[in-house]
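The structure appears right after this line, and notes come after that.
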Amino acid sequence: MNSPVLKQLYAFVRKEFYHVFRDRKTLLMLFGVPIAQVLLFGFVLSNEIKNSKIVVCDYAKDYGSQEIIRKIEASKYFKVQKATLTHDQIETAMKAGDIKMAVIFPDHFYNDLSHLNKAQIQVIADASDPNTATTITSYLTNIINDYQAEALAQNNQSYTIVPQVKMLYNPELLGAPNFVPGVMALVLMLICAMMTAVAIVKEKELGTMEILLVSPLKPYLVIIAKTIPYLLVSLLNLTAILLMSVYLLDLEIKGSVVLLFAESTLFIISCLALGLLISVGSTSQMSAMMTSQMSLMLPTMMLTGFMFPIENMPFWMQGISYIVPSRYYYTIVKAVMLQGLGFSAIWRETLVLGFITLILIVINVRSFKIRLA
Amino acid sequence: MRTLRFLLQKEFRQILRSRSLLISIVLGPIIQLTLLPLAANFEVKKIAVAVVDHDHSSYSEKLIAKIYASPYFTGGRYRESYKDAAKLVEQNKADIVLEIPQNFEDNLVRDGNAEIFIAVNAINGTKAGVGSGYLANIIADYNQDIRLQWSQPGHFSEASAIDLVNENWYNPFMNYFLYMVPGLMVSLLTGIGAFSASLNIVKEKEIGTIEQINVTPIKKSTFILGKLIPYWVLSMFVFTIGMLISRFAYSIVPVGNISLLYGFLSVYLLTLLGAGLLISTYSDTQQQAVSLAFFFVLVFNMISGVFTPIDSMPGWGKVLSYISPMSHFASVMRMVVLKGSTFIDILPHFIAIVILGVIFNTWAILNYRKTT
Amino acid sequence: MDNNIAIKADKLTKRFGDFVAVDAITFDVKQGEIFGFVGANGAGKTTAMRILCGLSTPTSGTATVAGFDVYKDAEKIKKNIGYMSQKFSLYEDLTVMENITFYAGIYGLSDKDIKDRGAELLDRLGIAHEAKTFVGSLPLGWKQKLAFSVAVIHRPKIVFLDEPTGGVDPVTRRQFWDLIYEASDRGITVFVTTHYMDEAEYCGRVSVMVDGRIDAFDTPANLKKKFSVDSMNKVFYELARGAKRKAD
């Protein structure tokens, strides 16, 4: 490449920068979206089920029931309301939406337990959300098991296996470590693919694309010039997300930052290629946006594994997830950032991601030639 | 009112001619409601357990067999050392490592207690929490088995048992679709409504026709109403498609009153579309409107309780969730479809969206200035 | 007030911060007159016109349009005027007849009037056979003529035209001015901004704006006499030489 071409390219890139950086509102959003996401995911959202409101109906009011209720109250998983309710009243409370579970101690609970060695606790769960229902039932089971184990220990007759549990990588079971890599994939996809597609289609709509294409700069350079500002915005965003993760969410980057940025750049290029491809097929900004939504955002949310567990999906859907670039990127970021693994652990994913990117670029070049012909 | 008729006529003609909009309105719900529910399954199952058994005793083997017999765990991966097993975790081939030390059986028999070591990949906090919970249940069960086996007849006190009698209301078969499909419908409607409404006025700004409208004697409120009603009708249509899909693809029949759902929806849409129009009045280009709408739709979705429990949020997160109209509709939708809640049950949500609706729409009308 | 006066402006001013877009302009437009508002780009023509149409409120000064005050009665003004902007103002994704119906409808014409006047309009433009064509696929010249006809379909007292002939060929411009004359003959006051000086020659009276002020205000013939030149182009050149604002 000789220097006049570089100069022309530079002039074009500068023009594109003006477009992107002078539109304050769009720019605000480009940075606002990731910031809000990191904050929400970091501080507000968690998949962990805690503070579930439950109602305890204690008909026994004896030593045993009160000991167990005390244990339930001490757990962070439950918020206890005490009441003496009938079945009908429990139903009314659940229909109004607040109560997730009712725990009922029958009369003579402790008496039964100590003399008959068998006692019952009735548990009614609002199973409209099966996940919550199963989880809180299992929490309750653990609490009651604990109670029994303690009671037995007092009798000094126990045969007990004590599990020592260690939580790797995320000892406090925070939601953020799982979400941050997902947010990174989502944001890069949004900026690079959707915004690029909309920006190029806008030039088509306004008719300015024709003017650019007849300029002395080679057409593919025009396209490259259009994408460079978004590449830069993406890298800035990435930096912002990482800084926030480290300083606000106390999330340590365990692996190599350089490797992380290199892999991110590869992913960004694949996103830009996707955005270009969408712009080829769209005639209006609206349709470019709708296509991006359907073919990019949705698969990224669904099939990368950060929102929904891939292993629960039907087999064919898991198959589709293998051609979604963000899936690989998500795995890579998790490995490098959270597990501190090196390139040797992620070379396969990198290879696949590179291969997908290459295919996308080839398709772009071809369709671009057809467009010009 | 006569003016409104002509405005509506024009809007409907434009919408029905916009192919990309129509495709997304008809195909959107079909694609989302057939694919998303398959993906949006948060049940924790198929937890892969890698086992390092240094003891190779009958007790250790029974424990392992008991774990693998549970529907939640998959495995069959045995490793000789913890290091090898940890590698499986690094490669995402195992979620939990269970290490049983040497002399496990001896300790248990001789001292009455023994230790085992469990390491959980906790990057996904939910899976780790729930998975280790399940494992704890199994181990507690196993403890109980051993005691029953060893305790002398007549000495039942050592094995006294509390029996949990479980009832699962509203969704006894624990059908995940029953919970997710109504939630996803809310998410879908919110997306379509907010995007189409927010692009609307700004499009007239971009092509310049807004100037022409502004010199006509149209009242601001009439103009906004003319923009709002078509998308209201359209969203009702999308909702009906969604209800049909959930009826026939997922056999979901609302327990509650369908007209209550439609009634709530019709008010919800006024609120949502008002918010969309508000975005439109603040934007100069479609690109701006898109990014603004995207921002809010994303935030609405995240804090709506559709995907993550609202109970787990901190106080200010709950406040955010309360001022987002989508959370209310999501709750109501699930309450009516699953539990058959009545108007009295959903009244607090109803009041909330009416207030939000009045705020958004007044704001939009005030902010849509015909003069500068 | 004088029944023959359609528009009256007195020391009308609009500031945007420090920038005085319209600087105390004073003029009046007679009923049925074709009034030309000329000036370089950025001289303040469009801003002044937007104030008179009720799209923008003035900072100071007074103005009445069709007897209504621009401060208090903007909505009443809107009932009595037509407007056509330099930016194309019809919906490209609606057909010719649908555009006519829409605009006639929001001005409150009856269904019968819409039908009759629509047919008459199409006849006059000679495009009856294009009634069902999408406006987007019409040639630009036709669009402009159609836009003008739609702007006067409710028979307003005054029609404002903001650089209506930008980008069209000389023949179409000539035809466009024929439409303007016809409207004027029907008693509609025409207020037109332009930077084509040959068009200024067609106007009854012309005001020339420079840097937000009205520097000259008379019939084209008198203006030419006053500056001892033989065309409006030269009149304009004489006046614009001293301009400080650069055209953009």
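Structure notes:
- Residue mean of other protein chain beta carbons inside 10 Å, B:233-240: 0
- Segments B:306-318, A:94-106 sorted - mean Cβ within 10 Å per residue, highest first: A:94-106, B:306-318
- Solvent exposure of chain B amounts to 38 Å² per residue of accessible area, where only protein heavy atoms count and the probe is 1.4 Å.
- Apportionment of accessible area to carbon and sulfur, chain A, percent (1.4 Å): 63 percent
- Residue C:15 versus residue B:343: modelled label distance in nm, points set 7 Å from Cα along the beta carbon direction: 5.7 nm
- Working ranking of peptides C:28-41, C:160-173 by packing, defined as the average number of other Cβ atoms within 10 Å per residue, highest first, is C:28-41, C:160-173.
- Per-residue shielding of B:350-363, expressed as the average number of other chain Cβ atoms within 10 Å of the residue Cβ, stands at 0.
- Residue by residue, region C:114-123 carries 3J(HN,Hα) couplings of 4, 5, 4, 5, x, 5, 4, 4, 4, 4 Hz when phi is fed to the Karplus relation 6.51 cos²θ - 1.76 cosθ + 1.60 (θ = phi - 60°); x denotes Gly or Pro.
- Among beta bridges identified by DSSP and lying wholly in the protein assembly as shown, the antiparallel ones come to about 35 percent.
- Neighbourhood net charge (14 Å Cβ-Cβ; Lys/Arg +1, Asp/Glu -1) for residue B:91: +3
- Each peptide among A:325-331, B:116-122, C:137-143 gets the average number of other Cβ atoms lying within 10 Å of its residues, and from highest to lowest they stand as A:325-331, B:116-122, C:137-143.
- With the cut-off at under 19 Å, measuring from each backbone N in region B:246-265 to a point 7 Å along the Cα-to-Cβ line of residue B:26 picks out B:246.
- Charge tally in the Cβ shell below 15 Å around residue B:171, where Lys, Arg are +1 and Asp, Glu are -1, residue B:171 excluded: -1
- Between A and B, buried accessible area from a 1.4 angstrom probe totals roughly 10200 Å², ignoring ligands, DNA and RNA.
- Contact residues in region B:77-111 (at least 40 Å² less accessible area with all protein chains than alone, 1.4 Å probe): B:90, B:92.
- Counting only protein heavy atoms and a 1.4 Å probe, chain A has 43 square angstrom of accessible area per residue.
- Under Karplus coefficients 6.51, -1.76 and 1.60, residue-wise ³J(HN,Hα) of region B:87-104 in Hz, glycine/proline x: 4, 4, 5, 4, 7, 6, 9, 9, 9, 9, 10, 10, 10, 10, x, 4, 6, 4
- Amide H partners (placed H, <5 Å) of residue A:128, local residues excluded: B:171
- Considering helices alone, the calculated mean residue ellipticity of chain A at 222 nm is -20000 deg cm²/dmol, with DSSP H runs of length four and up weighted by -39500 (n - 2.57) and normalised per residue.
- Antiparallel bridges, percent of DSSP beta bridges restricted to region C:152-248 (to nearest 5): 50 percent
- Helical contribution to [θ] at 222 nm, DSSP H n ≥ 4, -39,500 (n - 2.57), averaged over chain B, rounded to 500: -22500 deg cm²/dmol
- Peptide B:279-287 has a mean shielding of 4, counted as Cβ atoms of other protein chains within 10 Å of each residue's Cβ.
- Here residue A:67 and residue B:316 are evaluated by their C-beta separation; at R0 = 41 Å the FRET efficiency comes out at 0.75.
- Residues in region C:1-105 average 37 Å² of solvent-accessible surface per residue, probe 1.4 Å, ligands and nucleic acids excluded.
- Rounded percent of accessible protein surface that carbon and sulfur make up, region C:140-215, 1.4 Å probe: 51 percent
- Antiparallel %, DSSP beta bridges [both residues in chain A], to 5: 30 percent
- Accessible surface of chain B, 1.4 Å probe, proportion on carbon and sulfur as whole %: 63 percent
- For region A:52-168, the square roots a ≥ b ≥ c of the C-alpha gyration tensor eigenvalues yield an a/c of 1.5 or more together with a/b not exceeding b/c, which makes the shape oblate.
- Percent RCO, i.e. relative contact order, over chain A, from Cα pairs under 8 Å lying at least 6 residues apart: 18 percent
- Over chain C: helical MRE at 222 nm, DSSP H runs n ≥ 4 each giving -39500 (n - 2.57), nearest 500: -10500 deg cm²/dmol
- In this structure, residue C:227 and residue A:367 have a Cβ-Cβ separation that, at R0 = 56 Å, corresponds to a calculated FRET efficiency of about 0.40.
- Zone residues, region C:154-186, relative to residue C:195, backbone N less than 16 Å from point 7 Å out along Cα-to-Cβ: C:162-168
- Stokes-Einstein diffusion for the protein assembly as shown at 10 °C, viscosity 1.306 mPa s, with a Kirkwood radius from C-alpha pairs, works out to 48 µm²/s.
- Remark: C-alpha extents of region C:93-248 on the principal axes read 52, 30, 25 Å, sorted largest to smallest.
- Measuring nothing but how far apart in sequence close Cα pairs (under 8 Å, 6+ apart) lie, relative to its length, region A:52-168 scores a relative contact order of 28 percent.
- Computed from the C-beta positions of residue C:155 and residue A:235 and an R0 of 51 Å, the FRET efficiency is 0.25 to the nearest 0.05.
- Seen from residue B:182, the other residues with C-beta closer than 13 Å to its C-beta sum to a net charge of +2, counting Lys and Arg as +1 and Asp and Glu as -1.
- Relative contact order, percent, chain C [alpha-carbon distance under 8 Å, six or more residues apart]: 27 percent
- Residue B:48 long-range amide H proximity, modeled H, under 5 Å: B:74, B:95, B:96
- Karplus (6.51, -1.76, 1.60) ³J(HN,Hα), θ = phi - 60°, over region B:174-188, in Hz, Gly and Pro reported as x: 6, 7, 5, 4, 4, 8, 7, 4, x, x, 5, 5, 4, 4, 4
- Think of it this way: in chain A, A:57 stand alone, with no other Cys Cβ under 4.7 Å.
The values are calculated or read from the model by the stated rules, or taken from the named source; none is laboratory data. Because the structure is predicted, anything quoted here is derived from the model rather than measured. Neighbour counts run over all protein chains shown; Cβ positions are idealised from the backbone, glycine included. Side chains included, ligands, DNA and RNA excluded: accessible areas come from the protein's heavy atoms. Shrake-Rupley method; radii C 1.70, N 1.55, O 1.52, S 1.80 Å.
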